[in-house]
């Protein structure tokens, strides 16, 4: 592997020249507690608070209709990204695929680019949550970079942190923060945070069965200053929340709590904050009895020593991957007329936890509520919930009249993944989807802006192996998921406004709030949009032609003008007042259903490989999943149904037009598809096992 080649495409003097641009006339002042001015965007969240708020206000609710595209830039190999650009002195820094770019923010021209891993394919996709697939490669981590001390700091997906000279693109240092020798799957998937000469960053991916950790590095040379493991070892506080002996006495060593996201910092309190991922094995609660600290938790660490000052666990004994899957933000709360430094963290089920960031005590009350129980999984008796608060994605009333038999609705997002109860469905199952896309906060409205997906799914396991994770993709009649984008008032923890979309239209961009009274986001239909931050009214949109937006937006000054930039998949777009680049054609709409396979043979069961890859290849048979779930044939074709499992099944059309009769294990049944149409069928013995045949003329 060759590390650190670069290409200079434009004179580096362009960077120096940009440093002498005047500041924005009449720019609003930074919000209270902000650590950076209005002109630049030096880290993925905009400031140490991760507020994703900018004090720039030249673009506002009164003139946003004059906003137009200034330029667009296509990444090498059409590689997609979900990074937020960092900006300083009018230059943008962003990674996509295998490259890191420095781009002139006024013109879109490349100043330099560097490719840390020459062996990685140029078009590598770093837009999705498939970070696991890219682990082990020395490529820029997906969320973005940090700027400071004349350097660009980036995480690499092989577990290293690197510093690059901001002017030249030359590597200054690299430091491996993971295990040595490296563990399979370890990666720096979150962006580094630069604060006063130090780098704070976390290690993922705990899903590969190792402990996450947070480290501090000297920004000058990459020297390790301290490290904190997110799963406590023997003798450390919190270790008692894991099995202590016997068959599972070692499971804490594979316990997870990966650190997926960028941290926050409050230098006045001397604290950095990180959130942790799920416990491992992910759905195997029987292997890890206890609360499993410090999984699914907020950690407040001493900036100088790494010592744990306080923690707050939002999910005990996580069985749902229901961790804090979004970086929190810092803001100033008012409680009983007094101002208190606060932290806001959004749980994956859409509930917002508001804590005093000095002590970890809730500034909005939290209560314990009973949750469904499963002795096999050692479920926690209760889980914490903010009192009288709204979930971003709504409550169970959304689904009560939409889930039809044979499925049974359990109205708790903490419905455990049962063995042998395959028809139980629950909100957020199997994994809640308020995750990955960041949140934003405006001190002007005191609203927090967020997005997520409301859905119901099957709360089940198909194997008694605690390390097995996953089930076959199957066809069901469950209601379609819904994308939600909205605002929560941090004073009341209530929704103020929401917009709902088909889930495919939600996109993975997340919000940007500005002092101009606007909230920007990229959508799944290729549009970049602006909303009134207070009312939620849609004010403006621009079609980029790129579906499935992933990159969160940011704003910066270049050439004396405010710009707004967003990575739309394989392209970076910048907008300004009076921009003249025209809208692109809308991309084709993406489908939601499973792909249809051309075949006249359907199996009653499916062999599934576990997604828990850090503990070897593991397999299980899903007896209640037809393979393929959707098939296509011509009219007149005889379709063969093969009982490939170990239970008797009778396959019957939903309209009762045909049936195979009972099929014992290893038996086959034959049905001639006489007429064209789309036909749903099911197992009479296990009616939640469904499939679909598309019959063409």
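The values are calculated or read from the model by the stated rules, or taken from the named source; none is laboratory data. Only a predicted model underlies this, so the values are computations on that prediction, with no experimental measurement involved. Here Cβ is always computed from backbone atoms with ideal geometry, including for glycine, and neighbour counts include all displayed protein chains.
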### Message
residue 480 - would you say it is in contact with a strand residue (DSSP E or B) (Cβ under 8 Å, 6 or more places away or on another chain) and not in a loop (DSSP other than H, G, I, E, B)?
### Response
no
#### Entry: Filter result for residue 681 (surrounded by fewer than 20 Cβ atoms within 10 Å (Cβ to Cβ), over 30 Å from residue 186 (Cβ atoms) and at pLDDT 95 or above)
no
### Message
I'm trying to understand the selection: among the residues of region 363-406, which are within 26 Å of residue 340 (Cα to Cα), free of Cβ contacts under 8 Å to residues at least 40 places away in the same chain and part of a strand (DSSP E or B)?
### Response
366, 367, 368, 385
### Task
With the checklist (1) under 20 Å from the mean Cα position of the chain (by Cα); (2) at positive phi in hand, flag the one item residue 290 doesn't pass.
(1)
### Task
Return yes or no: is residue 262 within 19 Å of residue 307 (Cα to Cα), in contact with a strand residue (DSSP E or B) (Cβ under 8 Å, 6 or more places away or on another chain) and in a loop (DSSP other than H, G, I, E, B)?
yes
### Message
Consider region 224-252. How many of its residues are outside any loop (DSSP other than H, G, I, E, B), loosely packed, with under 15 Cβ neighbours inside 10 Å and modelled with pLDDT of 95 or more?
### Response
3
### Summary
Every listed condition ((1) in a loop (DSSP other than H, G, I, E, B); (2) modelled with pLDDT of 95 or more; (3) surrounded by 23 or more Cβ atoms within 10 Å (Cβ to Cβ)) holds for residue 190 save (2)
### Task
Could you tell me whether residue 221 is more than 20 Å from residue 464 (Cα to Cα), assigned to a loop (DSSP other than H, G, I, E, B), touching a strand residue (DSSP E or B) at 6+ places or on another chain (Cβ under 9 Å) and at pLDDT below 95?
no
## Note on the structure
Among residues of region 407-419 being part of a loop (DSSP other than H, G, I, E, B) and in contact (Cβ under 8 Å) with a residue 24 or more places away in the chain, the residue farthest from residue 284 (Cα to Cα) is 407
#### Entry: Condition broken by residue 488, with the remaining ones in (1) in contact with a helix residue (DSSP H, G or I) (Cβ under 6 Å, 6 or more places away or on another chain); (2) crowded, with 24+ Cβ neighbours inside 10 Å satisfied
(1)
### Task
Answer yes or no as to whether residue 272 is surrounded by 24 or more Cβ atoms within 10 Å (Cβ to Cβ), touching a residue at least 40 places away in the same chain (Cβ under 8 Å), touching a strand residue (DSSP E or B) at 6+ places or on another chain (Cβ under 9 Å) and assigned to a strand (DSSP E or B).
yes
### Message
Looking only at strands (runs of 3 or more DSSP E) that lie completely in region 1-111, which have at least 3 residues being crowded, with 16+ Cβ neighbours inside 10 Å, touching a strand residue (DSSP E or B) at 6+ places or on another chain (Cβ under 6 Å) and modelled with pLDDT of 95 or more?
### Response
67-74, 86-88, 91-96, 99-104
### Query
Does residue 202 count as part of a strand (DSSP E or B), modelled with pLDDT of 95 or more, surrounded by 24 or more Cβ atoms within 10 Å (Cβ to Cβ) and within 20 Å of the chain's Cα centre (by Cα)?
yes
#### Entry: Sole exception among (1) in contact with a helix residue (DSSP H, G or I) (Cβ under 8 Å, 6 or more places away or on another chain); (2) surrounded by fewer than 20 Cβ atoms within 10 Å (Cβ to Cβ); (3) under 30 Å from residue 362 (Cα atoms) for residue 454, by number
(2)
### Query
Hey, does region 296-311 have a residue that's at pLDDT below 95, closer than 30 Å to residue 374 by Cβ and in a loop (DSSP other than H, G, I, E, B)?
no
#### Entry: Matching entry among 428, 470 (being in contact with a strand residue (DSSP E or B) (Cβ under 9 Å, 6 or more places away or on another chain) and under 20 Å from residue 346 (Cβ atoms))
428
### Message
Need the failing condition index for residue 181 against (1) assigned to a helix (DSSP H, G or I); (2) at pLDDT below 95; (3) over 24 Å from the mean Cα position of the chain (by Cα), just the number.
### Response
(1)
### Summary
Within region 419-448, residues within 18 Å of residue 470 (Cα to Cα) and under 25 Å from the mean Cα position of the chain (by Cα) come out as 425, 426, 427, 428, 429, 430, 431, 432, 433
### Query
in contact (Cβ under 8 Å) with a residue 40 or more places away in the chain, within 25 Å of residue 577 (Cβ to Cβ), touching a helix residue (DSSP H, G or I) at 6+ places or on another chain (Cβ under 7 Å) and part of a loop (DSSP other than H, G, I, E, B): does that describe residue 444?
no
### Message
I'd like to check something: does region 325-334 contain any residue that is assigned to a loop (DSSP other than H, G, I, E, B) and within 14 Å of residue 452 (Cβ to Cβ)?
### Response
yes
#### Entry: Leading residue by the ranking (surrounded by the fewest Cβ atoms within 10 Å (Cβ to Cβ)) among those in region 420-441 that are at pLDDT 95 or above and outside any loop (DSSP other than H, G, I, E, B)
424
